[in-house]
Amino acid sequence: MNVWEALILGIIQGLTEFLPVSSSGHLQIGAAVLGAETSENLLFTVIVHGATVLSTLIVFRKDIINILKGLFKLELNEETKLVLYIIISMIPVGIVGVFFQSEVEQFFNGKIMFVAAMLMITGFILLASNYLGAKNKTGKITATNSFVIGLAQAFAVLPGISRSGSTIATALILGVDKEKATRFSFLMVIPPILGATLLKVKDLVEQPSLHTDISTMALFTGFVAALVFGIIACKWMINIVRKGKLIYFAYYCFAIATLTILIQLV
């Protein structure tokens with residue numbers, strides 16, 4: 001992988017991690033188009049995912065600081081409730097990660113037609129959030145709906161299913177307030193991504209052969225690109241949900257899926 005490929009893939013990761021279009025799906029498609037074997041370079045995967053986690057921490061730094069302050073009060077307050085709900089939301093994806101990791105990894109071996117099909121499903125999920133549920137969503141995050149949102153996150157381990165799109169759409173369908181839905185969606189992903197990244201680091205240490213030949217400059221370029229565009233996409237996504245424009249990304253998912261299928265057939 002050269003610097004230009006790392007730049008493009010870093011931008012794709014940064015933008016699509018937060019926009020409701022599936023980062024894993026776009027990375028699979030982007031790698032196929034560029035001929036870059038990112039799936040064989042675990043170090044690059046760790047670097048760009050670490051960058052998107054950092055971008056989330058930067059954008060939501062005030063929320064995270066408030067949560068930590070609330071936890072140190074050692075009382076049942078809004079912050080401790082939020083942490084509890086985040087833990088509940090992690091249960092489904094934790095089960096998938098522990099018991100079905102090898103099965104899930106089989107979908108990340110260049111099955112572009114499968115990715116296109118999942119992008120279609122993402123489009124339908126986004127459409128559903130626009131037409132289902134209350135028009136004036138004022139509901140709060142609860143233990144029950146946090147678990148349901150967690151189920152959506154578990155489903156999003158498949159390439160082509162957008163994590164942010166499926167979790168935010170599910171929250172909106174359940175009647176959760178737009179601001180709360182977006183905030184919860186981005187905060188709930190921090191522990192799973194950190195956990196997955198740490199597991200990749202463990203694999204990298206135990207199996208150095210998973211680190212193929214890639215320059216330090218390419219790694220740095222991918223990291224910076226994913227970080228900068230992750231921050232931009234995260235802030236953009238907050239405004240998109242606030243203005244109720246998720247439906248436009250549904251059309252995008254349909255378009256990119258159709259284009260991918262046509263390219264594969266030709």
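A few points about this structure:
- Taking the criterion of being surrounded by fewer than 24 Cβ atoms within 10 Å (Cβ to Cβ) and within 17 Å of the chain's Cα centre (by Cα), the residues of region 162-186 that qualify are ARG183, PHE186.
- Some residue of region 143-161 being surrounded by fewer than 24 Cβ atoms within 10 Å (Cβ to Cβ), hydroxyl-bearing (Ser, Thr, Tyr), at pLDDT 90 or above and not in a helix (DSSP H, G or I): no
- Test for THR197: is it of a type in the set (S, T, N, Q), at pLDDT 80 or above and surrounded by 17 or more Cβ atoms within 10 Å (Cβ to Cβ): no
- Residue in region 237-249 that is in a helix (DSSP H, G or I), touching a residue at least 24 places away in the same chain (Cβ under 8 Å) and over 26 Å from ALA51 (Cα atoms) present: yes
- Residue match in region 51-69 (condition: at pLDDT below 85 and either more than 27 Å from MET217 (Cα to Cα) or touching a helix residue (DSSP H, G or I) at 6+ places or on another chain (Cβ under 8 Å) (or both)): no
- Here VAL189 fits the description: at pLDDT below 90, surrounded by 14 or more Cβ atoms within 10 Å (Cβ to Cβ), within 15 Å of the chain's Cα centre (by Cα) and of a type outside the set (Lys, Arg).
- For region 88-105, taking the residues that are surrounded by fewer than 17 Cβ atoms within 10 Å (Cβ to Cβ) and either without any contact (Cβ under 8 Å) to a residue 40 or more places away in the chain or in contact with a Ser or Thr (Cβ under 9 Å, 6 or more places away or on another chain) (or both), the one that is farthest from GLY195 (Cα to Cα) is identified as GLU103.
- Residues that are within 14 Å of the chain's Cα centre (by Cα), assigned to a helix (DSSP H, G or I) and at pLDDT 80 or above within region 18-48 comprise PHE18, VAL48, listed in sequence order.
- Any chance SER215 is exposed (fewer than 14 other Cβ atoms within 10 Å of the Cβ) and touching a residue at least 24 places away in the same chain (Cβ under 8 Å): yes
- Hey, VAL228 of a type in the set (A, V, I, L, M) and at pLDDT 80 or above or not: yes
The values are calculated or read from the model by the stated rules, or taken from the named source; none is laboratory data. Since the model is a prediction, treat every value here as computed from it, not as a measurement. Here Cβ is always computed from backbone atoms with ideal geometry, including for glycine, and neighbour counts include all displayed protein chains.
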